[in-house]
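The structure appears below as structure tokens.
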Amino acid sequence: MKLIERVLALGNLLEFSDIAYIETDISLRIISWNSAAQRLFHYSEDQALGRYLSNLIPVHKDTLLNCTRTERQSIQIQDKAGENCDYQITCTPIKSLKAERLGVALTVEKISSPPEIHPGLKALSEQEIQELCNSAPIGIYHVSLDGKLNVANSEYAWMLGYESPEAAISQIHDFARQVFFDEKKAEEFMFNILESDQIVSFRSRLKRKDNSFIWALCYAKVTRNESGRVNGFNGFSINISAVVRTEKALQEANQKLKIISIIDGLTQIPNRRHFDETLEKEWKRHLRKKEELSVILCDIDFFKPYNDTYGHQAGDECLKKVARTIQASVLRSEDFTARYGGEEFVLILPNTNLKGAKDVAERVRTAVENLEVPHEGSRVAPHVTLSLGVATVIPHEHCSAQSLVDMADQALYEAKEGGRNQSLGKQM
């Protein structure tokens, strides 16, 4: 409940912020579109859902398809007045527990333009300009071409962990090495700023005096001397650590929710939904490779009498023990175990023939029997046992994944009819 409340709180925060939040599925069709996205791109949620993202936002389709980690880029979007405004897109892949790509999540936020100097400011005295800069809620600084910080306001000094602008100026002599937390980002910034006459914007971790860091949204532009030669650059920095924490918390909560949606709450192994998704993927893969695919259905013998005899709490503990035992009996990392429902469990064995699948079924059956969990209500043994149905097929166009499950279910039925506590197999 705390996780759900946290996700709802983060969702509400994004819903009423100016940050557009968008999610797509694996084919880049939109599945989530918040209020800020509606205001920014002028499409309602109903109009956006189900459409391809690249048709609504000026971002290349290949950029999203090839996104393997969190990436950022700047784009221009025309507002209602017809003016082009700079926006920053942050995109990150949505992945399953097995690192399978499920889609892409994006945030889009407007890049505020650095303040322009009004002609009236020229009439201010040097002291008044200094007071104005020191009262500004953003960091303001100037760096000479040799990397020395020679101008800084109070906010910028605080952002970098110095007690005063004077302290920062006297101690920062190598701007790239001392101010950037990430060396690669420092190299990228210095190259971009010195190769452009335009305002360069970037998002980076800034190193503080104590070697901690803050996240900042920064702007910079080269300055020139009277002869027109570059002599350094002016910069503006805005502390966005709170925004970054919110983004990361949302990503973590989103990942935890996905885990909750595919894990059985009682046994803590994959649930029926996860089984259905995994079987469909394995079916398609084996269809392409023309390899054997096996499924094992397991059912606890006489489980209703067990609940009637020992109570539902004991029944839950029994299910947990059986689930752990089945999972421990599967030796290959690619094999998959899930709770199918009630007292039934299921295994997917990729690239496994009938003999191999029956060997696994017997190993599972024996392991559960060796638990020797007392079961007075059983008519087959004095302890908990399993009946198992095994099915193997080389997938082809004239059958489906469900037909494999049905065949395993028929084998399970015959194992029960034949006396239980045994495994039977079928092959198509």
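Heavy atoms of the protein chains alone define the surface here; on that basis the range 187-338 has 52 Å² accessible area per residue at 1.4 Å probe size. Here the simple spin-label model places points 7 Å from the Cα toward Cβ, and for L145 and T68 these points are separated by 4.0 nm.
Applying 1/(1 + (r/R0)^6) with r as the Cβ-Cβ distance of K98 and N211 and R0 = 30 angstrom yields a FRET efficiency of 0.25. The count of lysine pairs in the range 276-428 that are at least 8 places apart or cross chains, and whose C-alpha atoms lie under 15 Å apart, stands at 6.
Here H42 and H312 are evaluated by their C-beta separation; at R0 = 45 Å the FRET efficiency comes out at 0.25.
If you plug the beta carbon distance of N84 and H396 into 1/(1 + (r/R0)^6) with R0 = 41 Å, you get a FRET efficiency near 0.15. With the simple spin-label model, which puts each label point 7 Å out from Cα in the Cβ direction, the K184 to E280 separation comes to 3.5 nm. A Stokes-Einstein calculation at 4 °C with viscosity 1.567 mPa s, built on the Kirkwood radius of the range 272-351 over Cα pairs, returns a diffusion coefficient of 94 µm²/s. Helix-only arithmetic for the chain: the sum of -39500 (n - 2.57) across DSSP H runs with n ≥ 4, divided by the residue total, places the mean residue ellipticity at 222 nm at -12000 deg cm²/dmol. Note on K248: accessible area is roughly 100 Å² with a 1.4 Å probe, heavy atoms of protein only. Among H398, H274, the sequence by solvent-accessible area, most first, with a 1.4 Å probe is H398, H274.
Extension gain, T366 to N225, is 42.3 nm, computed as 0.36 nm per intervening residue step minus the present C-alpha separation. Extension gain for the segment S196 to A136, taken as residue separation times 0.36 nm less the Cα-Cα distance, is 19.0 nm to one decimal. Sorted largest first by accessible area at a 1.4 angstrom probe radius, with every protein chain in place, the residues E291, E397 fall in the order E397, E291. Using heavy atoms of the protein chains and a probe of 1.4 Å, the accessible area assigned to R69 is about 150 Å². Available extension along the chain between R29 and I75 is 14.5 nm, counting 0.36 nm per residue and deducting the alpha carbon span. Of the solvent-accessible surface of the chain, computed with a 1.4 Å probe over protein heavy atoms with every protein chain present, carbon and sulfur atoms account for 50 percent. For the chain, a simple Cβ point-charge model (Lys and Arg +1, Asp and Glu -1, everything else neutral) yields a dipole of about 720 debye relative to the Cα centre. Against the set (i) 26, 58, 16, 0; (ii) 20, 36, 26, 15, 3; (iii) 26, 55, 19, 0, the structure's computed P(r) over Cα pairs in 20 Å bins from 0, in percent falls on (ii). Taking all protein chains as shown and a probe of 1.4 angstrom, R72 keeps an accessible surface of around 100 Å². Placing a pseudo-label 7 Å from each Cα along the Cα-to-Cβ vector at K289 and R245 gives an inter-label distance of 4.6 nm.
Sparsely packed loop sites in the range 339-388 (the trypsin sites (Lys or Arg not before Pro) outside DSSP H, G, I, E and B with at most 11 other Cβ atoms within 10 Å) comprise R379.
The values are calculated or read from the model by the stated rules, or taken from the named source; none is laboratory data. Predicted model only: the values in this text are computed from it and were never measured. Because the Cβ atoms are built from the backbone with ideal geometry, glycine has one as well, and the counts that use them run over all protein chains shown. SASA here: full protein model, heavy atoms, side chains in, ligands and nucleic acids out. Shrake-Rupley method; radii C 1.70, N 1.55, O 1.52, S 1.80 Å.
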